Every structure is written in structure tokens, then in C-alpha cells.
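Contents: one structure, followed by commentary.
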Amino acid sequence: MEDTTEDSHGCGNATHSEGERCSDNDFGTSKLGTKEYWEEAYQRELETFKDIGDVGEIWFGEESMRRVLRWMDKAKIPENAAILDIGTGNGAFLVELAKHGYNNLTGIDYSPASVKLARSVLQAEGLTDITVKEVDFLNSQGDLKEFDVCIDKGTFDAISLNPDDTKQDKKLYVQTLKEALKDKGFFAITSCNWTKEQLLERFSEGFEFVQELPTPSFQFGGKKGNSVAALVFMKVHEHVTD
Ligand SMILES: C[S@@+](CC[C@H](N)C(=O)[O-])C[C@H]1O[C@@H](n2cnc3c(N)ncnc32)[C@H](O)[C@@H]1O
């Protein structure tokens, strides 16, 4: 299994250096924001998995999963909590969650090849009780609801890089997330394209910031920063005023 470290890789690195992190309005686009890109990538990874059993890329490395699991332990998320992995890719996080004892797991991805790969990876691990569905998170038709925890590792990043109408997509993402979560449900996001401050702004309405999960920091040109932001939010009931 390949372990991609945070230093050497991040979805944003394809187009942005750390200093180029952009505001909402000037965020660049990239092929990493297209379904074609992911479909091709997971078709290749599926072949490799069939050939040699390598599950492929672990986005942001193994530690990115461990830190979320540590938070789940501390937050005492029960083993039967309904957990959604948004944009599950190869399903590696689902495997880790299941090994950790979680038994009510769902992964979704809009790439059919990702879904096939994730299902194959889970089957190879003997994990037959996990739902993996082909769903576009931005067009899920109310299919996703009542989750206690939603996890995103690199998917909001990918969505933000979509060359078409990303501003609308980002709003839709937040809306779908609210619908998918129960009140007081948690959202754990790991991002390399957005800073903590930008994520706090993006998920300010309808969510309460819970905590930042520590990630490695770097120093460059006298400035200190983090290559990856990992934050936890809680969905709160919104009071609608007329
Ligand atoms: C950077 S990869 C991360 C994959 C996985 N979360 C991981 O950590 O290995 C981004 C994932 O988001 C998926 N994705 C992007 N846009 C999506 C959408 N609108 N709905 C569902 N999945 C999406 C891609 O197919 C890809 O699997």
C-alpha cells in the first residue's frame, strides 16, 4: 500500500504552491476538479489493484486518517454511528474505520471506477457490510441523510478545482452536507487547498467550529504555515428569520 506523505503530495500541489492559496474568488481550476480525471485515475488504480493488490493513493498519507480516528476516539463517537465518507476514492478510509470498530459505514463517490475499486478493496479485506454507492455529492437528490459523522478528505478540494461553476458547487456542497447530517452531527474535513480561516468562513452558517486537528507545520521565507488543514465542525440548528 502506498503511503503518500503530506510533504510530498496534496491535491492542490498540482496547481498551487502554498503561497498561492486563493480566496473564494480567485481559486484556480484544474483537471483534478473533473469527473473524467478521477474516472481515469481509478480505472488505472483498479487495474493495478487486480494485478498486484496495491490500493493506490492514500491522499495526505496514513496519518491523515489516524488523526481523524484519534479525534473520533476522544469525542467518543459510538461504534454504531452512521458515518459517511464523501468521495471515498479507493475506500481506504472505510477500511481503517471498520478496523477501528465502526460498523455503520457508507462511502460515496461519483466515479464508477472508484466505486468498483472501493468495493474490491473492501471485499479483499473481508468487509462485506459496508455500503459503497455511486453518488454525485452535488446532485444526491436527498439520498444522503441522517448521518452522525461526515468525513471529507480531499473531496471538497477536488470540487473546488472544478473548471465549471465552482462558486455554485461550493454552496451546493455546504447545502448537501447540512442535509446529510443529523443535528449535532459532526463534519471532519481535511483540506490542502483551503486554509483554516477559509474553511471557517465557508462552514460558518449552520455549523459550529469544534476543533482543529494538529497537522505538521512548515516554515518558508520566515513564514510558518500548515500544508494541510484538518478541522471538525458540528451541525447546528439554524434559526430561519423572515
Ligand atoms: C483527492 S480524492 C480523495 C479520495 C479519498 N477521499 C481519499 O482520501 O483517498 C477526491 C475524491 O473526490 C471524488 N469526488 C470529486 N467530486 C465529487 C462529487 N461531486 N461527488 C462525489 N465524489 C466526488 C473523486 O472521485 C475522488 O475520489
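The values are calculated or read from the model by the stated rules, or taken from the named source; none is laboratory data. Keep in mind it's a predicted model, so treat the numbers as computed, not measured. Reconstructed Cβ throughout: ideal geometry from the backbone, glycine too, with neighbour counts over all protein chains shown.
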query = Counting only residues that are touching a Ser or Thr at 6+ places or on another chain (Cβ under 8 Å) and charged (D, E, K, R), which one in the stretch 79-119 is nearest to the ligand (Cβ to nearest atom)?
reply = 109
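Here's the yes/no breakdown for (1) of a type in the set (Phe, Trp, Tyr); (2) at pLDDT below 95; (3) out of contact with any Asp or Glu (no Cβ under 6 Å at 6 or more places or on another chain):
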{"residue": "150", "(1), (2), (3)": "no, no, yes"}
{"residue": "154", "(1), (2), (3)": "no, no, yes"}
{"residue": "166", "(1), (2), (3)": "no, yes, yes"}
{"residue": "170", "(1), (2), (3)": "no, yes, yes"}
{"residue": "173", "(1), (2), (3)": "yes, no, yes"}
query = What is the number of the single condition among (1) within 15 Å of the ligand (Cβ to nearest atom); (2) at pLDDT 95 or above that residue 34 does not meet?
reply = (2)
Cβ pairs under 6 Å, 6+ apart, first in the stretch 115-140 and of a type in the set (Phe, Trp, Tyr), second within 15 Å of the ligand (Cβ to nearest atom) and not in a loop (DSSP other than H, G, I, E, B) = 137/86; 137/176
request  = Pick out, from the stretch 39-141, the strands (runs of 3 or more DSSP E) lying fully within it that include 2 or more residues that are β-branched (Val, Ile, Thr), within 14 Å of the chain's Cα centre (by Cα) and surrounded by 18 or more Cβ atoms within 10 Å (Cβ to Cβ).
outcome  = 83-86, 105-109
query = In the stretch 176-199, what count of residues is obtained for those that are without any contact (Cβ under 8 Å) to a residue 40 or more places away in the chain, more than 12 Å from the ligand (Cβ to nearest atom) and within 16 Å of the chain's Cα centre (by Cα)?
reply = 2
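Answer yes or no: is there a residue in the stretch 25-38 that is touching a strand residue (DSSP E or B) at 6+ places or on another chain (Cβ under 7 Å), within 18 Å of residue 154 (Cα to Cα) and in contact (Cβ under 8 Å) with a residue 24 or more places away in the chain.
Here is the first cut: in the stretch 25-38, the residues touching a strand residue (DSSP E or B) at 6+ places or on another chain (Cβ under 7 Å) are none.
For the stretch 25-38, residues touching a strand residue (DSSP E or B) at 6+ places or on another chain (Cβ under 7 Å), within 18 Å of residue 154 (Cα to Cα) and in contact (Cβ under 8 Å) with a residue 24 or more places away in the chain: absent.
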remark   = Expected output for the stretch 51-77 (first residue away from the ligand (no atom under 14 Å from the Cβ), partner among the charged types (D, E, K, R), Cβ below 8 Å, 6+ apart or cross-chain) is 77/148
